[in-house]
Amino acid sequence: MRARGGEKAPSKPVATLVITGIRQCLTMAGNGSGPAAGAAQEDVGEINDAAIAANDGTLVYVGPASGLPKAVRVAPNATRLDAERGVVMPGFVDSHTHLVFAGWRSNEFTQRVAGAGYQEILAAGGGILQTVGATRAASEEELVDLASERLRGIIATGTTTVEAKSGYGLSLADEAKILRVVHRLDGAGPWQVVPTFLGAHAVPPEFKEDRDGYVDLVIEMIDTLADRAEFVDAFCEEGAFTVDECRRIFAAGRRAGLGIKLHADQLSDGGGADLAAEMEATSADHLDCISGSGIEAMAREGVIAVMLPGVPLYLMSRRQAPAARLQAAGVPLALATDFNPGTCPVDRMGLIVALGCLLMRMSPAAAMVAATRNAAHAVRRGDVIGTLEPGKQADLQWYRAGDFAELPYRFGQMLPAAVIKAGEVVARDGEFL
Ligand code: NIG
Ligand code: FE
């Protein structure tokens with residue numbers, strides 16, 4: 001169509017989804033395009049009295065409601081949502097989970113409550129190795145069914161992207177099976193699943209007398225499975241893998257083009273954070289026992305701290321990652337569940353945000369940035385998700401709340417009134433549609 005004067009009328013984007021009535025929109029945008037650190041960690045990019053529009057899964061407008069009519073042309077059959085003066089923010093990104101496993105471990109819960117240690121149970125062949133036994137015995141179909149059911153619940157509570165680690169196979173065939181499951185899950189429902197190879201999770205029983213042999217096997221597995229994973233991860237801890245073993249594994253991962261993640265300084269200060277910095281890891285995770293030099297090294301290299309407050313709580317330890325010191329040093333903070341059957345059987349990011357505030361004394365704003373924008377960067381998806389900006393994917397959640405601090409204040413119990421994945425409403429009031 002030509003406007004008067006023969007000039008082409010500037011074409012407005014068409015909106016197929018419109019959300020109005022937003023009292024508080026947390027865009028998480030601003031302060032550049034990378035992960036937010038230091039003072040920027042506190043900036044939720046709030047817009048009051050906002051409207052959002054998307055076209056076919058991509059945001060085309062995020063701004064004051066008054067600017068919407070000028071900015072977009074609303075398609076006649078567009079989905080319209082009234083946020084009822086509530087809060088709208090990006091979907092949570094859970095950047096650290098062990099989503100694919102068979103069997104729970106309530107037998108160990110009873111032992112742990114009675115005083116048995118986590119590493120003690122692992123050394124006796126339980127813990128991670130109990131789940132390895134159950135996961136090896138499960139078929140690919142069974143694992144797909146178990147994880148899909150979990151994902152439906154995860155989506156309904158506001159998480160729209162999930163990282164998922166292997167690590168309960170510990171043989172080429174079983175690790176390959178788990179990564180196949182992750183690939184089948186990705187996009188099979190309204191969610192995205194990011195695959196991480198965690199062959200170095202524990203030394204399996206058949207290699208008990210030959211640790212070096214198992215590390216060699218992990219490196220061979222990387223060569224075979226690299227195209228099925230985006231990251232390589234390792235459990236760097238006494239009773240699991242040493243710094244030198246992890247270094248060899250990460251070098252292989254890097255050669256294969258994988259990003260690096262690390263279970264670091266969880267139960268003791270083993271130099272994991274320093275190794276993460278040395279290897280230019282995307283993230284170092286846990287960090288409950290991180291050293292001062294580890295904090296400085298991470299800040300220097302821009303490694304994201306993925307903190308998992310549910311884990312020490314569940315292991316009955318008082319030692320949490322030092323969020324305030326990390327933030328003051330300029331390390332970008334992310335929060336994640338670590339969802340797994342041993343150290344945190346919780347898959348609800350809203351609860352983890354509350355624990356970040358209550359156990360680590362993060363401000364609600366810093367915790368929200370940690371669960372969205374910075375978490376997206378921790379899975380190298382920061383250019384597509386994690387903030388609400390035109391051009392990004394329309395992954396968002398709406399809460400019937402007057403202010404976002406109500407979420408952690410209500411201890412993570414509040415469920416989103418709606419969850420939107422790539423422009424589609426996929427859950428309502430905690431129910432997956
Ligand atoms: O992140 N620390 C090692 N791995 C998991 C626990 C896995 C398990 O106990 O099954 C974690 O805490
Ligand atoms: Fe973990």
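The values are calculated or read from the model by the stated rules, or taken from the named source; none is laboratory data. Since we're looking at a predicted model, the values are computed, not measured. Backbone-built Cβ (ideal geometry, glycine too); neighbour counts: all protein chains shown. Calculation scope for accessible area: heavy atoms of the full protein, side chains included, ligands and nucleic acids excluded. Shrake-Rupley method; radii C 1.70, N 1.55, O 1.52, S 1.80 Å.
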Residue match in the stretch 264-276 (condition: touching a Cys at 6+ places or on another chain (Cβ under 6 Å) and either assigned to a strand (DSSP E or B) or farther than 18 Å from E237 by Cβ (or both)): yes
Flag if G257 is open to solvent by 50 Å² or more (accessible area, probe 1.4 Å) and away from ligand 2 (no atom under 16 Å from the Cβ): yes
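It is to be established whether one or more residues within the stretch 305-325 are open to solvent by less than 10 Å² (accessible area, probe 1.4 Å), of a type in the set (S, T, N, Q) and in contact with a strand residue (DSSP E or B) (Cβ under 8 Å, 6 or more places away or on another chain).
So far as the stretch 305-325 goes, no, none of its residues is open to solvent by less than 10 Å² (accessible area, probe 1.4 Å), of a type in the set (S, T, N, Q) and in contact with a strand residue (DSSP E or B) (Cβ under 8 Å, 6 or more places away or on another chain).
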Qualifying residue in the stretch 170-179 (condition: within 15 Å of ligand 1 (Cβ to nearest atom), out of contact with any helix residue (DSSP H, G or I) (no Cβ under 8 Å at 6 or more places or on another chain) and open to solvent by 40 Å² or more (accessible area, probe 1.4 Å)): no
Leading residue by the ranking (nearest to N31 (Cα to Cα)) among those in the stretch 355-372 that are open to solvent by less than 40 Å² (accessible area, probe 1.4 Å) and more than 16 Å from the chain's Cα centre (by Cα): A365
Out of A173, A164, A202, sole residue that is within 27 Å of G382 (Cα to Cα) and either in a helix (DSSP H, G or I) or not β-branched (V, I, T) (or both): A164
Candidates R400, R381, filtered to the one that is open to solvent by 10 Å² or more (accessible area, probe 1.4 Å) and under 28 Å from A297 (Cα atoms): R381
Which numbered condition V100 fails, given (1) in contact (Cβ under 8 Å) with a residue 12 or more places away in the chain; (2) more than 16 Å from ligand 1 (Cβ to nearest atom): (2)
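A quick yes/no check of all residues on (1) without any contact (Cβ under 8 Å) to a residue 24 or more places away in the chain; (2) more than 15 Å from ligand 1 (Cβ to nearest atom):
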residue: A124; (1), (2): yes, no
residue: A137; (1), (2): no, yes
residue: I154; (1), (2): no, yes
residue: T160; (1), (2): no, yes
residue: A164; (1), (2): no, no
residue: Y168; (1), (2): no, no
residue: T196; (1), (2): no, no
G356 vs. criteria part of a helix (DSSP H, G or I), farther than 22 Å from A417 by Cβ and of a type outside the set (A, V, I, L, M, F, W, C): yes
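Residues to consider are V218, V182, V194; find the one that is within 16 Å of ligand 2 (Cβ to nearest atom), hydrophobic (A, V, I, L, M, F, W, C), closer than 26 Å to G126 by Cα and modelled with pLDDT of 95 or more.
Selected residue: V182, the only one of V218, V182, V194 that is within 16 Å of ligand 2 (Cβ to nearest atom), hydrophobic (A, V, I, L, M, F, W, C), closer than 26 Å to G126 by Cα and modelled with pLDDT of 95 or more.
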Breaking point among (1) on the phi > 0 side of the Ramachandran plot; (2) in the same structural domain as A53 (by TED's automatic domain parsing), for R361: (2)
Conditions (1) in contact with an Asp or Glu (Cβ under 8 Å, 6 or more places away or on another chain); (2) in the same structural domain as M298 (by TED's automatic domain parsing): number failed by I420: (2)
Only one of G125, G167, G158 that is in contact with a Leu (Cβ under 8 Å, 6 or more places away or on another chain) and away from ligand 2 (no atom under 16 Å from the Cβ): G158
Test set (1) closer than 20 Å to Q320 by Cβ; (2) at pLDDT below 95; (3) away from ligand 2 (no atom under 13 Å from the Cβ) - A273 fails condition number: (2)
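Condition check ((1) within 16 Å of ligand 2 (Cβ to nearest atom); (2) closer than 26 Å to T79 by Cβ; (3) at pLDDT below 95) across all residues:
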site	(1), (2), (3)
C344	yes, no, no
A354	no, no, no
R361	no, no, no
A367	no, no, no
A370	no, no, no
P390	no, yes, no
R400	no, yes, no
Tabulated pairs, the stretch 8-19, first over 11 Å from Y61 (Cα atoms), second modelled with pLDDT under 95 and surrounded by fewer than 16 Cβ atoms within 10 Å (Cβ to Cβ), C-beta under 7 angstrom, 6+ apart or interchain: K8/R2; A9/M1; A9/A3; T16/D56
Cβ-Cβ under 6 Å pairs, at least 6 apart or on other chains, the stretch 45-61 side in contact (Cβ under 8 Å) with a residue 24 or more places away in the chain and more than 17 Å from P13 (Cβ to Cβ), far side among the hydroxyl-bearing types (S, T, Y) and not in a strand (DSSP E or B): G45/T27
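Going by what's in this entry, would M349 be described as within 11 Å of the chain's Cα centre (by Cα), modelled with pLDDT of 95 or more and farther than 16 Å from A36 by Cβ?
yes
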Filtered residues of the stretch 343-354 (kept if open to solvent by 10 Å² or more (accessible area, probe 1.4 Å) and within 16 Å of ligand 1 (Cβ to nearest atom)): P345, V346, D347
Residue among V44, V100, V113 that is assigned by TED's automatic domain parsing to the domain that holds H201 and under 21 Å from the mean Cα position of the chain (by Cα): V100
Residues that are open to solvent by 60 Å² or more (accessible area, probe 1.4 Å) and either among the acidic types (D, E) or touching a Cys at 6+ places or on another chain (Cβ under 7 Å) (or both), drawn from the stretch 407-433: E424, D429, E431
